[in-house]
Amino acid sequence: MIKRSEDTFILSTENTTYAFRILKEGIAEHIYYGRRINLDTGAEALFEKQEFAPGNNAMYVADNPALSLNNLCTEISGEGKGDMRQPFIRLVRADGSRTSDLIYESAEITKGKPKSDILPVSHDETGEVDRLRIIYKDRTYGERLCVDYCVFEKEDVITKNVTLTNEGDTPVRIDKLMSSQLDLHDPDHVLAGFRGGWAREMRRIDTPLIQGRTKAGSMGGSSSNTANPFFMLYRPKTDEDSGDVYGFNLIYSGNHEESIEVNEFGKVRVLWGINHESFEYMLDPGESFEAPEAVMTFSHEGFNGMSYNMHRFVTEHILSARWKDEPRPILLNSWEAAYFNINESRLLKLASAAKNVGIELFVMDDGWFGERNDDTASLGDWEPNKKKLGGGIKSIADKVNALGLKFGLWVEPEMVNVKSRLYEEHPDWTLEIPGAMHSEGRNQRILDLSKPEVCDHIIEAMTKTFSSGNVSYVKWDYNRNFTDVYSQDTEPMRQGGTGHAYILGLYRIMRTLTERFPDILFEGCASGGNRFDLGILSYFPQIWGSDNTDAICRAEIQNGYSYGYPLCTVGAHVSAVPNHQTLRNTPMSTRFNVAAFGALGYELNLCDATKEELNAIRFQIILYKQWREVFNHGRFYRGRRFGSQGYGNTVLSQNDGNVTEWTVVSPDKDRAVGMLLQKQAIPNHVYMQFNAKGLDKDKLYHFYNYKEKLNIMDFGDLVNTVAPVHIKNGSSIHKLIAKIAKMESEEEHLNAYGDTLMYGGVRLKPAFGGTGLNENVRPFGDYASRMYFIEEETGSAD
């Protein structure tokens, strides 16, 4: 809902209010964003009161000595008029001037979410979204700035779309144009960003605000694995379920920045958008430039409340209508099973093994085209290798389909190897400086998607590939960062826009192919999470979360993603041990328990799996199919994070937890799944409880788990405490006994009301503490986990 009261604009969602007013000088003063309040009367309580310019600060206009822009919260900002903070916009004109004085010109309130021809934007199929359009005009020069605010009431989300138009007679150079600015009066906040690198994405880093500027972002051409575009501001005592939290994101896949600044007056300025350090754009007379759409939300119900807003928004207004409610198929990917060493026979054996355990989709990863036997050759030559796939894609797709599986494949269309026919024919199609040494990444170069002819080629090459067989799934990879960013044949003064033009070309390719192939499930990938953002999710409904499939690492990575993204968008696989990235050995149950909270897949050689492993996987898949709707579309909650330092359930910071607790609950609150994961066992500490979240406090539930088969080998020579004869640890006799004799884990089984399960919790059966083991003891060593199931019970409580 949007209201206008004279010169004050009030944007309201179900639980939040955003408000600003227009001063008589034409400046838009931001007055409030937070918990929903009634501003039908009394908005002036929020107006900044000033009488004299503070200290040596400049006055904006001579006839109002009280108005200093440096001590005011505003909706937009520029250089040159006394605001000494980082600006929202920075322009350089033909006369060399850099001052921007954008003042209010007009406002319009309408319904409906505008679309864009070049950028992905949020969508609204109902036409009920309220939109406020504010037009600013430079007081001296010919620039006009349009800011669209769109209000998504149910999701408690507000978005901003910014367009700059040059209505002057000479070109204007855009050095900086952010997507959004939010000024706050109170610096008592903590910044939470999500940092990392390859194989260790989305680690939450918390930084209390102090005077000065904090900046994060990416410079490598993508949204990056070092700084995801999602970030938060929160009050210091906020936890998962209480406290004030702002969440911010950007619908963009290229270089981005997030700047948070506290000035000498304690004013906080939050800016986010395209990274201006790697960007400049020449805006010709009559031309307009669209900035990526900014997304923001607020919740007073802690991090889980904020995440719920973001999850609903992404599901309903970012993901395509075709895929947002579609159950995600369980897949087997060939990569860690075979790497480049594939052929049709080997792949079909893997597919047959996949079918036997209940998998639904088989994915042929890298190595199927050209002379692709390693990563040095053939990217760009998208013709099947006849030695590996004698009948091409159609033959293997048909044979996989005949097994009762869907078929998918891997591509990396944005890249080219120097050792390829495509590069030999079109060396001018890459981002590189002619005649200069090129800095390679993964033995490949980046095709210049700022060129329409390159985009046309990729579209047609992929159309041919996807049409050559019954392809149901595509993994779209992107495996290196930008270097030597130079578009051949582009005039020098326009080279600064190359990175952005690349992203626009990528969006054109993705938009065209997803329209041509609406029934293909596309999964984005960029060496894992190097391009996990709302721009990609606008076309591809899921993204590979990390190349690291280690369950312990993945628990933290997926926990990080969960703050801003629904977990059905995060590709997550069960892989072999020792893990290929960490060499860690984790239980099969833990690998599944973590991966089940994402878009589940498997990535291991099932042909080499033991009978016990295959039986375990078969049971996991049966279980997942029974609960898939809850995993894919339930409401996700992060629970407590227990500390690893000291003994007892000492709550430490969110990043230091030894035990991770998750719950996902069906929309009707009839069913839920919980998970507990422990990194390290604590000696002589047998107590643990599970606290569910999100249940109906008045419903009666059945709480239970499934017994796990335990391997006697895991207990080492403790077997001798019960064996009538001595058994050497690891001996043939020990292994034989382990095959014949099986132990089972503990079983939890009780009925309780929702309030008990949430507020009291379930005191679980004691963990193994070194003093005894029976059917009522929970073996819970390093990397152990348990999954608990909660279903509404119609009978009476136990």
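The values are calculated or read from the model by the stated rules, or taken from the named source; none is laboratory data. Because the structure is a prediction, the values reported are computed rather than measured. In this analysis, Cβ positions are derived from the backbone assuming ideal geometry, glycine residues included, and neighbour counts consider all displayed protein chains. For accessibility, only protein heavy atoms count, side chains too; no ligands or nucleic acids. Shrake-Rupley method; radii C 1.70, N 1.55, O 1.52, S 1.80 Å.
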**Message:** Looking at the structure I just gave you, is residue 478 buried (at least 17 other Cβ atoms within 10 Å of the Cβ), assigned to a loop (DSSP other than H, G, I, E, B) and at negative phi?
**Reply:** yes
**Asked** Looking only at residues in the range 23-56 that are of a type in the set (Gly, Ala, Ser) and outside any helix (DSSP H, G or I), which one is nearest to residue 77 (Cα to Cα)?
**Response** 28
**Item:** Residue list for the range 99-112, restricted to those being within 36 Å of the chain's Cα centre (by Cα), touching a residue at least 40 places away in the same chain (Cβ under 8 Å) and either open to solvent by 40 Å² or more (accessible area, probe 1.4 Å) or farther than 19 Å from residue 138 by Cα (or both)
**Value:** 104, 109
**Prompt:** Among the residues of the range 565-580 satisfying the criterion of being in contact (Cβ under 8 Å) with a residue 40 or more places away in the chain and among the aliphatic types (A, V, I, L, M), which is nearest to residue 333 (Cα to Cα)?
**Reply:** 574
**Asked** Would it be correct to say that residue 175 is surrounded by 14 or more Cβ atoms within 10 Å (Cβ to Cβ), in contact (Cβ under 8 Å) with a residue 60 or more places away in the chain, not aliphatic (A, V, I, L, M) and not in a loop (DSSP other than H, G, I, E, B)?
**Response** yes
**Request:** Please verify whether the range 507-518 includes one or more residues that are under 30 Å from residue 174 (Cβ atoms), buried (at least 21 other Cβ atoms within 10 Å of the Cβ) and among the polar types (S, T, N, Q).
**Result:** no
**Which numbered condition residue 557 misses (of (1) among the β-branched types (Val, Ile, Thr); (2) closer than 30 Å to residue 620 by Cα; (3) surrounded by fewer than 23 Cβ atoms within 10 Å (Cβ to Cβ))** = (3)
**Request:** Return a yes/no flag: does the range 765-780 have any residue that is small (Gly, Ala, Ser), part of a helix (DSSP H, G or I) and over 21 Å from residue 590 (Cβ atoms).
**Result:** no
**Item:** First in the range 731-742 and without any contact (Cβ under 8 Å) to a residue 12 or more places away in the chain, second anywhere and aliphatic (A, V, I, L, M) and surrounded by 11 or more Cβ atoms within 10 Å (Cβ to Cβ), Cβ under 7 Å, 6 or more apart
**Value:** 733/727
**Asked** Restricting the range 756-788 to residues that are of a type in the set (Gly, Ala, Ser) and open to solvent by 20 Å² or more (accessible area, probe 1.4 Å), which is nearest to the chain's Cα centre (by Cα)?
**Response** 781
**Asked** How many residues are assigned to a strand (DSSP E or B) and either more than 26 Å from the chain's Cα centre (by Cα) or small (Gly, Ala, Ser) (or both) when one looks only at the range 655-688?
**Response** 3
**Item:** Only listed residue being more than 22 Å from residue 119 (Cβ to Cβ) and either without any contact (Cβ under 8 Å) to a residue 12 or more places away in the chain or part of a strand (DSSP E or B) (or both), chosen from 261, 240
**Value:** 261
**Message:** Between 9, 20, which is in contact (Cβ under 8 Å) with a residue 60 or more places away in the chain, assigned to a strand (DSSP E or B) and buried (at least 17 other Cβ atoms within 10 Å of the Cβ)?
**Reply:** 9
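Okay, residues lined up against (1) out of contact with any Ser or Thr (no Cβ under 7 Å at 6 or more places or on another chain); (2) surrounded by 13 or more Cβ atoms within 10 Å (Cβ to Cβ); (3) in contact (Cβ under 8 Å) with a residue 60 or more places away in the chain:
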residue: 692; (1), (2), (3): no, yes, yes
residue: 704; (1), (2), (3): yes, yes, yes
residue: 707; (1), (2), (3): no, no, no
residue: 726; (1), (2), (3): yes, no, no
residue: 754; (1), (2), (3): yes, yes, yes
residue: 790; (1), (2), (3): yes, yes, yes
**Request:** Please specify each residue of the range 184-221 satisfying the condition of being surrounded by 23 or more Cβ atoms within 10 Å (Cβ to Cβ) and in contact with a Ser or Thr (Cβ under 6 Å, 6 or more places away or on another chain).
**Result:** 201, 218
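Look at residue 502 and say whether it is out of contact with any strand residue (DSSP E or B) (no Cβ under 6 Å at 6 or more places or on another chain), on the phi < 0 side of the Ramachandran plot, part of a helix (DSSP H, G or I) and surrounded by 23 or more Cβ atoms within 10 Å (Cβ to Cβ).
The answer is yes for residue 502.
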**Residue that is over 23 Å from residue 297 (Cα atoms), open to solvent by 10 Å² or more (accessible area, probe 1.4 Å), hydrophobic (A, V, I, L, M, F, W, C) and touching a residue at least 60 places away in the same chain (Cβ under 8 Å), where the choices are 583, 614** = 614
**Request:** Enumerate the pairs (first residue in the range 129-148 and on the phi > 0 side of the Ramachandran plot and buried (at least 22 other Cβ atoms within 10 Å of the Cβ); second residue anywhere and of a type outside the set (S, T, N, Q) and assigned to a strand (DSSP E or B)) with beta-carbon separation below 7 Å, excluding pairs fewer than 6 apart on the same chain, so at least 6 apart or on different chains.
**Result:** none
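Would the range 64-75 turn up any residue that is charged (D, E, K, R) and touching a strand residue (DSSP E or B) at 6+ places or on another chain (Cβ under 8 Å)?
Applying the first criterion (charged (D, E, K, R)) to the range 64-75 yields 75.
Filter once more, so that each one left must be touching a strand residue (DSSP E or B) at 6+ places or on another chain (Cβ under 8 Å): 75.
Within the range 64-75, one or more residues are charged (D, E, K, R) and touching a strand residue (DSSP E or B) at 6+ places or on another chain (Cβ under 8 Å).
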**Message:** If the requirement is being at pLDDT 95 or above and over 30 Å from residue 54 (Cα atoms), which of these qualifies: 278, 253?
**Reply:** 253
**Request:** Can you give me the number of residues within the range 246-260 that are open to solvent by 10 Å² or more (accessible area, probe 1.4 Å) and within 11 Å of residue 295 (Cα to Cα)?
**Result:** 1
**Message:** Suppose we keep only residues that are within 15 Å of residue 3 (Cβ to Cβ) and surrounded by 14 or more Cβ atoms within 10 Å (Cβ to Cβ) within the range 34-56. Which one would you say is nearest to the chain's Cα centre (by Cα)?
**Reply:** 36
